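One structure is given below, encoded as structure tokens.
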Amino acid sequence: LNVIQVEKFLTKGQEKRLNDLLTKLEHDTGYRVRVLCQAYPRTPGLAIRDYWDLGKEGQKDDKYVVLVVDQFGGKGNVLNFNVGEGVKFALPNVFWTRLTSKYGTTFFVKENGIDIAITNAIEAIVACLRSEDQYCVNVPEEGLSLRSLGM
């Protein structure tokens with residue numbers, strides 16, 4: 001499973017679509033993108049790293065991104081990214097700052113819903129990792145074609 005919902009932010013259909021999208025991305029590019037939806041204090045903690053086999057000391061495969069979605073009681077940014085070293089060239093720190101500033105704000109979530117924030121963020125990551133250059137500093141616009149997402 002690429003998407004785990006301790007807290008249900010996505011519908012079953014959205015969850016399945018993201019799971020399929022991320023499975024295909026990993027198959028085609030080797031990039032592993034995972035989504036964890038939680039509500040502090042109900043979190044799986046570090047056990048999730050073992051479950052997904054990510055972020056371990058001395059691990060060779062560092063081409064991963066984990067999106068942790070947590071509303072923290074409506075305070076602060078809902079999108080938090082744990083980015084492996086193998087992704088930082090393709091998507092440098094400025095990309096993640098811009099992505100969280102675009103989709104993770106309480107204003108965006110109030111206006112559009114947390115499910116849209118998650119979906120848009122994941123689609124932006126996938127589009128960048130699938131782009132011809134496999135490199136982004138700016139967040140692509142919403143409404144990406146399914147083709148750019150590898151569908």
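For the chain, the Cys residues with no second cysteine's beta carbon closer than 4.7 Å are Cys37. Considering only Gly76, Gly84, Gly104, the mean-square fluctuation computed in a Gaussian network model of the chain, springs between alpha carbons under 10 angstrom, is largest for Gly76.
Geometric descriptor of the chain, per residue, is 109 Å³ (volume of the convex hull of the Cα atoms).
About its Cα centre, the chain has a charge dipole of approximately 260 debye under the convention of +1 per Lys or Arg Cβ and -1 per Asp or Glu Cβ, with nothing else charged. Note on the stretch 84-142: Rg/Rh from Cα positions, Kirkwood definition for Rh, rounded to two decimals, is 0.99. Each other residue within a Cβ distance under 12 Å of Leu25 adds +1 if Lys or Arg and -1 if Asp or Glu, for a net charge of +1.
Checking the cross-link pairs Lys12/Lys110; Lys16/Lys75; Lys16/Lys110 against a 26 Å limit on the alpha carbon distance flags Lys16/Lys75 as lying beyond it. Solvent-accessible area of the chain (1.4 angstrom probe, protein heavy atoms only): carbon and sulfur portion equals 53 percent. Computed from Cα atoms alone, the Kirkwood hydrodynamic radius reported for the stretch 1-72 is 12.9 Å.
Helical content alone sets the calculated 222 nm signal of the chain at -12000 deg cm²/dmol, taking -39,500 (n - 2.57) per DSSP H segment of four or more residues and averaging over every residue.
The values are calculated or read from the model by the stated rules, or taken from the named source; none is laboratory data. Note that the structure is a prediction, hence the values are computed from the model and not measured. Don't worry about glycine lacking a Cβ; one is built from the backbone with ideal geometry, like all the others, and counts go over all protein chains shown. Ligands, DNA and RNA are excluded from the accessible area calculation, which covers all protein heavy atoms including side chains. Shrake-Rupley method; radii C 1.70, N 1.55, O 1.52, S 1.80 Å.
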